[in-house]
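Data first, discussion second: the structure below is written as structure tokens.
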Amino acid sequence: GNNQYNGSYRDMNGLPAEMREDANYVYGTLVRITEDQWGNDSIIQYIDAKGVAKLNSDSVAREVYICDKYGHVLKQQSQNLDGSLAIDNWGNCGIEYEWTDKHLIKSATYMDDNWKPMRMPAKRGVTGRENVIKTNYEYDAYLRQVLEYYTDEKGNPDFNTLGTHKITSKFDTHGNLVAQYGYDLQEQLSPISDSKVAVEEYAFDKSGRITDAFFLDKYRKPCSTEGYLSKVHFEYDTDGN
């Protein structure tokens, strides 16, 4: 614990090299990782060939992860060079997590640079997360996620930019995911994603292979938009192909 490591990117000749110089991935030549007392990656910094700290592709100087002894991330933060909190290219400063006693994520709250709950802005295609402050999760006895729902920082029911408050998941007796439904605050069907799909239903054969997938809008009509299908049917030969 509390160790620090420097890793260097190298080119084909073994010399220091900038990692991914394209517009989406600008990291640096060196990566400095600092561990916490339990050995979890705690601070990640990027450094150029001259040893000077630089921003990564999210315009962040330091990525900080505050974990517990089990390795659960409690706080994920973006920071400036001086260690102050920073708003990154996603439009927020970080995420604060709660965990269940079964080591599953109970909730995730978006935070600003004062480490206060904030609404996630519509940036970089965070589908379904725009306008969300806090995402909550519930699980069944088999530790499968059966509910995802949105609240404000005080626990009041909330919704994303699609108008969706919650997404439920159903499983069959074999553990196959057979359906997902999106609902608004009035318990009416609501889109799960930008595709306008509000209902996803799946059928399986006795061998557990998927045979049909249905994608419906909030009126339970086939939802076929550009780039999305309303139905997929699968058939198998005697060898299971």
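The values are calculated or read from the model by the stated rules, or taken from the named source; none is laboratory data. Everything numeric here is computed off the predicted structure, so don't read it as measured data. Counting neighbours? That spans all protein chains shown, and the Cβs are built from the backbone with ideal geometry, glycine included. Accessible surface areas use protein heavy atoms only, side chains included; no ligands, DNA or RNA. Shrake-Rupley method; radii C 1.70, N 1.55, O 1.52, S 1.80 Å.
The length gained by stretching the chain between R124 and T168 to full extension, at 0.36 nm per residue less their Cα-Cα distance, is 13.3 nm. Nearest 0.05, what FRET efficiency do Y228 and H103 give at R0 = 51 Å with Cβ-Cβ as r? Efficiency computed from Cβ-Cβ geometry: 0.90. Here r is the Cβ-Cβ distance between A203 and D68 and R0 is 45 Å; the resulting FRET efficiency, rounded to 0.05, is 0.65. As an equivalent ellipsoid, the range 187-234 spans semi-axes of 22, 12, 8 angstrom, where each value is the square root of five times an eigenvalue of the C-alpha gyration tensor, largest first. Within straight-line reach of K231, meaning a Cα separation under 16 Å, sit the following lysines at least 8 residues removed in sequence or on another chain: K196, K218, K221. In this label model, D11 and Y142 are separated by 5.4 nm, measuring between points 7 Å along each Cα→Cβ vector.
Which of rounded, prolate, oblate describes the range 79-201, given a ≥ b ≥ c as roots of the alpha-carbon gyration tensor eigenvalues and a/c under 1.5 marking rounded, otherwise prolate only if a/b is larger than b/c? Prolate shape, in that a/c is at least 1.5 and a/b is the bigger ratio.
For the pair the range 175-241 / the range 114-172, the C-alpha centres are spaced 20 Å from each other. Placing +1 on the Cβ of each Lys and Arg and -1 on the Cβ of each Asp and Glu in the range 108-197, which of G155, M118, A179 has its Cα farthest towards the positive end of the resulting dipole? Looking along the dipole axis, the top candidate is M118. Would you mind classifying the range 45-135 by shape? Square roots of the alpha carbon gyration tensor eigenvalues, ordered a ≥ b ≥ c; an a/c under 1.5 is rounded, otherwise it is prolate if a/b is larger than b/c and oblate if not. It comes out oblate by the Cα gyration axes.
Select from the range 140-169 those chymotrypsin sites (Phe, Trp or Tyr not before Pro) which occupy a DSSP coil region and have at most 14 other Cβ atoms within 10 Å, ordered by residue number.
On the way: sites: Y142, Y149, Y150, F159; in loops: Y142, F159.
Here the sparse-neighbourhood loop sites are Y142.
log₁₀ I(q)/I(0) of the chain at q = 0.07, 0.09, 0.17 Å⁻¹, via Debye over equal Cα point scatterers, no solvent, to two decimals? Scattering profile of the chain, log10 relative to I(0): -0.34, -0.56, -1.20. Using a simple spin-label model with pseudo-atoms 7 Å out from Cα toward Cβ, S84 and K221 lie 5.3 nm apart.
Distance between the pseudo-spin-label points of D194 and N114 (7 Å out from Cα toward the beta carbon): 3.1 nm. Highest GNM mean-square fluctuation among G175, G227, G94, for the chain modelled with Cα contacts below 10 Å: G227. Computed from backbone phi with θ = phi - 60° and the Karplus coefficients 6.51, -1.76 and 1.60, the 3J(HN,Hα) list for the range 133-139 is 9, 9, 10, 10, 10, 10, 10 Hz; x is used for glycine and proline. In Å², and per residue, what accessible area does the chain have when probed at 1.4 Å with the other protein chains present? It amounts to 59 Å² per residue over the chain.
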